[in-house]
Amino acid sequence: MSHDPTDPKSASTTHFGFQQVPVAEKQKRVAEVFSSVARRYDVMNDLMSMGVHRLWKRFVIDLAGVRPGERVLDVAGGTGDLTREFAKQVGPRGQVVLSDINAAMLGEGRRRLIDEGVVGLPVLQANAEKLPFADRSFDCVTIGFGLRNVTDKDAALRSMLRVLKPGGRLLVLEFSKPLNAGLSKIYDQYSFKLLPLMGRFVANDADSYRYLAESIRMHPDQGTLKGMMEAAGFERCQVYNLTGGIVAVHRGFRLTA
Amino acid sequence: MSARPAPALICAGLEVALNRYLQLEPAALDDCAALARHSVGLLVDGFDWCLFIEFNARGVRVIGERPQPASVTLAGAPPAFAGLAVKLASGDSSLPPGLRVDGDADVLQAFRRLLGRVGFDIEEWIAPLIGGAAAHRAAQGLKALLGWGRDSSRTLAQNTAEYLVEETRDLARGIDVEEWMDQVDRLRERSDRIEARLARLERQRTAEPRSE
Ligand SMILES: C[S@@+](CC[C@H](N)C(=O)[O-])C[C@H]1O[C@@H](n2cnc3c(N)ncnc32)[C@H](O)[C@@H]1O
C-alpha cells in the first residue's frame, strides 16, 4: 500500500473532511463536531437522509440476527438507535452496551433510551481504537455511521475483532460510494450544497454538516473497506450495498479462536 | 460457464428468512450446530448464481463467496429448486428431477431433514411468483422471489419487506439491477412451467404413498 493517511506512523497529518490536520488533532475536531450537533442530531439525521436511515438501520438489525441471551456492543452508538432495538432482542438474559467517544452524544443517547423505557443498560465512553473490554466478550459488535470519524480505522477494526467471541460478527454501517455515476452526481449536489444549508437552518451549524459531507467522501469505498476488514482478521466478509451504494453494510466474522 | 456470487441482498434475504424459521425450533439449532463444519452450495442455472449456506449453533449464514468449495453442491434451474422445496414441505425427502448433486450426500440428507423439521414452507415463498400478478416491476420482483410482504406470512417480517421495497426502488437505477430484473422477468415467464410441475407434484403427493 502507498501512503496511508490513517496510519499515524506513515504521516503526521490525517484528513478532517477535506482538510489535512495533525493526527493528534483529528479526534478533538471530531469531538467538537459531535458535541455541537448532539442535541439536534436525530432531527438532522431524519432530514439528511430523508428518513431512509431508519431503513438502513433496520437492515443492519435484521442482518445482525441478534438472539435472546447474546451480548452486543454498539460502538460509536451516539444517540442509541441500534442499541435500542438490540436491547429488545437480547432480552433479560442478554446485554447491550452503548459506547461512544463523545460524552454529549452519550448523554443524549442515555436520555432517549430512558424516554423510551429502555433502562439499565451500560453506557460507556470509549474510543473505538482502544475498546476497554475483555477479549472475546461479545457475540456481535456494530458501528453505525461511526467508522469514518475514527482516526485510525485499522486499529478500530482490530480492536473490534479482539472483543468478539469466536463465531461473532461485526457489522459496519457507513456511507459509501454510489454504484452509478448519475446517482453519484446528484448525491454530490445534495451533500455538498443542500446538507450544509440544512445544517445552517436546523442546527445553526453549517460547518459541522459540511464536515459530515466531506468525511463521507473521504471514507474508503466498499472494496477498500472490505480489504481492511480482511487485513484486520475478519473472515467471510460481505458487502451489502443499500440505496445504490450511498450506504453499505459490511459484515465480517471472527472465526478463529 | 462459471457462476457468480448471488447478489448480497438475495443472500441476506434468504439468511434472515431461514434463521427466522430455524429459531422457532430449538432442536433445529442443535442440528445446525452438528453441521457446523459443513456447508451446502447452491448453483442456480439461468441466473448463474452461486450461494453457500454455512451452519453454526445460531443457525445459518448465507454468503455468495467462500474460500473453500462446499461439502455438497446442488445445481439446477429455479423450478427444480422450487420442486425440491415443495417436496420438503410435504415431508418428501426425495430429490426432484432436474437437480444435480455433487459431494457429500450425508450432509445434504441432514440439511433436508433439518428443513423438514422446521416445516420450512417454501410454497409460501413461491406462490406469489407463480401467481404472477405484477405490480411495481422492481419491488414485486424481489418481494415475489423471496415471498415477503404477503399477508399470510407471519414468520417473515413486514419490516424486512419494507426496506427491500425501498431498496429495490432505488437500486433499480443501477445497471446490475436492470440486468437482474430482466432475469426476474424471464423467471416469471417460466412460471407456467413451474405451475405445471407443481400441479404434477401435487397429484403425485395425493396419489402415491410417500417414499422416504
Ligand atoms: C454520525 S454519529 C452515529 C451515531 C449512531 N451510531 C447512529 O447511527 O445514529 C457518529 C458517532 O461516532 C462517534 N465517534 C467519533 N469518533 C469515535 C471514536 N474514535 N470512537 C468511538 N466513537 C467515535 C461520535 O462521537 C458520534 O457519536
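Entry remark, the range B:64-94: residues being part of a loop (DSSP other than H, G, I, E, B) and at pLDDT 80 or above number 9 in total. Restricting the range A:207-257 to residues that are aliphatic (A, V, I, L, M) and over 25 Å from A:Gly167 (Cβ atoms) leaves a set whose member that is nearest to the other protein chains (Cβ to nearest Cβ) is A:Leu242. Just one of (1) more than 16 Å from the chain's Cα centre (by Cα); (2) in contact (Cβ under 8 Å) with a residue 24 or more places away in the chain; (3) surrounded by fewer than 21 Cβ atoms within 10 Å (Cβ to Cβ) fails for A:Asp154. It is (1). Within the range B:48-61, can one find any residue that is away from chain A (no Cβ under 14 Å), under 16 Å from the mean Cα position of the chain (by Cα), outside any helix (DSSP H, G or I) and more than 23 Å from A:His250 (Cβ to Cβ)? Scanning the range B:48-61 turns up at least one residue that is away from chain A (no Cβ under 14 Å), under 16 Å from the mean Cα position of the chain (by Cα), outside any helix (DSSP H, G or I) and more than 23 Å from A:His250 (Cβ to Cβ).
The values are calculated or read from the model by the stated rules, or taken from the named source; none is laboratory data. Since we're looking at a predicted model, the values are computed, not measured. Here Cβ is always computed from backbone atoms with ideal geometry, including for glycine, and neighbour counts include all displayed protein chains.
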